[in-house]
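The values are calculated or read from the model by the stated rules, or taken from the named source; none is laboratory data. As the structure is a computational prediction, the values presented were derived from the model and not from experiment. Using ideal geometry, Cβ is built from the backbone for each residue, glycine included, and neighbour counts are taken over all protein chains shown. Areas reflect the complete protein model, heavy atoms only, side chains present, ligands, DNA and RNA absent. Shrake-Rupley method; radii C 1.70, N 1.55, O 1.52, S 1.80 Å.
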Amino acid sequence: MSIFRPSRREILSLAATAPALALPALAATKARAQTLGGPAAANPAHFRFQLGDVVLTVVSDGHLEVPANGLGVNADPAEVTAFLESYFLSTEVNYSHTNHLVIETGDATVLVDVGSGNRFQPTSGRLLDNLDSAGIDAGAITHVVITHAHPDHIWGIRDDFDEAIFPDAAYYIGGTERDFWLQDDLVNQVSTDMQQFVVGAVNSLNVDGAEWSLMNDGTEIVPGVRVIDTPGHTLGHMSVVIESGGKQLIALGDSMNHAWMSTARPEWVSGFDMDADQTVATRKRLLDMAAADRMAVLGYHFPFPGVGHIARDGDAYRFVPALWQW
Ligand SMILES: [Zn+2]
């Protein structure tokens, strides 16, 4: 766990100064977007497509802005900087999207992760608004699957009255993940930087109105939707596999948290990856599986909508974004 060292203070202070770091042209665009009601109102925030008989909609919760030096923390910083520059990315800010998946099978509507609500960064917490603009009735969500209990994936579970946001849904989380965060006195065993993460996870898991079912490797949520163990980013992290009409998509969660880096440099981990060795082993297994079986993938933090494929590229891999079809 030694590698896990996110600083919430750093994250929040960086978010506050982010406009100063943005390109001048982007600053003007941002100002225009804000007059239109914010980025969520200015741009499409959902992406709908079909996988066999299942309708999938990627719905954004907004984005996060975290320090780019949290990427590739086990690599030579000069190499990481060169990598980011080669992809025309900021070497200061990791501008990270948050892509939720809604799975409509006909009998069930499954939502993967609940976002961060109003508890994390001001640029996120738009899931409910964006579900609404995607024409998805929040009251119709029958199942909620949580990949892991980090702020951007679970803190949005509580409404302003501290009750579960989807009171009629069935809630699912990995048994290992739940047991990790709810172990006795964890908050006093972690670094001060991580204490907020623990308190937030505990409060989220103990929310009123959520009845939890615990998942194991292979647990079927509804026919055609199952979860698989993908530990490393957190110890009980799970990913969701959707299968219909001979086609498969895997919602990766944060097992790969950067579209270009996690694929081209799968051995580089981020400061948010709890167990580095396990993260890399899981990631390589997933990359190999997705490339060999031509499975579609959805990266939670990939550039919106985050859907595409994995191609083998020499000893590593390449993310190939799906062609947006209207
Ligand atoms: Zn995340």
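Only residues that are under 21 Å from the mean Cα position of the chain (by Cα) and charged (D, E, K, R) were counted in the range 195-234, giving 4.
The number of residues in the range 259-281 that are open to solvent by 20 Å² or more (accessible area, probe 1.4 Å) and within 16 Å of the ligand (Cβ to nearest atom) comes to 2. Residues that are open to solvent by less than 50 Å² (accessible area, probe 1.4 Å) and away from the ligand (no atom under 16 Å from the Cβ) were ranked within the range 71-92; the one that is nearest to residue 272 (Cα to Cα) is 72. Candidates 156, 175, 125: the one that is at positive phi and of a type outside the set (D, E, K, R) is 125.
In the set (1) closer than 16 Å to residue 210 by Cα; (2) among the small types (Gly, Ala, Ser); (3) within 16 Å of the ligand (Cβ to nearest atom), residue 125 fails one condition alone, (1). Looking only at the range 176-221, filter to residues that are out of contact with any strand residue (DSSP E or B) (no Cβ under 7 Å at 6 or more places or on another chain) and among the β-branched types (Val, Ile, Thr); which one of those is nearest to residue 233 (Cα to Cα)? For the range 176-221, the residue satisfying everything is 176.
Scan the range 310-322 and tell me whether some residue there is within 16 Å of the ligand (Cβ to nearest atom), open to solvent by less than 60 Å² (accessible area, probe 1.4 Å) and in contact with a helix residue (DSSP H, G or I) (Cβ under 9 Å, 6 or more places away or on another chain).
If we filter the range 310-322 for residues that are within 16 Å of the ligand (Cβ to nearest atom), which is where we start, we get none.
No, the range 310-322 contains no residue that is within 16 Å of the ligand (Cβ to nearest atom), open to solvent by less than 60 Å² (accessible area, probe 1.4 Å) and in contact with a helix residue (DSSP H, G or I) (Cβ under 9 Å, 6 or more places away or on another chain).
Being surrounded by fewer than 20 Cβ atoms within 10 Å (Cβ to Cβ) and more than 16 Å from residue 169 (Cβ to Cβ) is the filter here, so list the residues in the range 124-140 that pass it. Once the filter is applied, which keeps residues that are surrounded by fewer than 20 Cβ atoms within 10 Å (Cβ to Cβ) and more than 16 Å from residue 169 (Cβ to Cβ), the range 124-140 yields 129, 132, 133, 134, 135. Candidates in the range 218-240 are the residues that are touching a Gly at 6+ places or on another chain (Cβ under 9 Å) and without any contact (Cβ under 8 Å) to a residue 24 or more places away in the chain; of these, the one that is farthest from residue 165 (Cα to Cα) is 228.
Report yes if residue 96 is open to solvent by less than 50 Å² (accessible area, probe 1.4 Å) and more than 16 Å from residue 258 (Cβ to Cβ), otherwise no. So residue 96 fails the test. Of the residues making up the range 197-249, those that are closer than 26 Å to residue 266 by Cβ and within 16 Å of the ligand (Cβ to nearest atom) number 12.
Quick one: in the range 102-119, of everything that is in contact (Cβ under 8 Å) with a residue 60 or more places away in the chain and surrounded by fewer than 23 Cβ atoms within 10 Å (Cβ to Cβ), which residue is nearest to the chain's Cα centre (by Cα)? Don't jump to the end; show me each part of the working.
Residues of the range 102-119 that are in contact (Cβ under 8 Å) with a residue 60 or more places away in the chain, as a first pass: 103, 105, 107-108, 110, 112-113, 119.
Now drop any that are not surrounded by fewer than 23 Cβ atoms within 10 Å (Cβ to Cβ), which leaves 105, 107-108, 119.
Details: 105: 22, 107: 25, 108: 22, 119: 16 Å.
Restricting to residues being in contact (Cβ under 8 Å) with a residue 60 or more places away in the chain and surrounded by fewer than 23 Cβ atoms within 10 Å (Cβ to Cβ), the top hit is 119.
For the condition touching a residue at least 60 places away in the same chain (Cβ under 8 Å) and within 15 Å of the ligand (Cβ to nearest atom), what is the one hit in 176, 147?
Values: 176 fails: within 15 Å of the ligand (Cβ to nearest atom).
So the residue among 176, 147 that is touching a residue at least 60 places away in the same chain (Cβ under 8 Å) and within 15 Å of the ligand (Cβ to nearest atom) is 147.
Screening the range 286-309 for residues that are without any contact (Cβ under 8 Å) to a residue 24 or more places away in the chain and of a type in the set (D, E, K, R) and picking the one that is nearest to the ligand (Cβ to nearest atom) gives 288.
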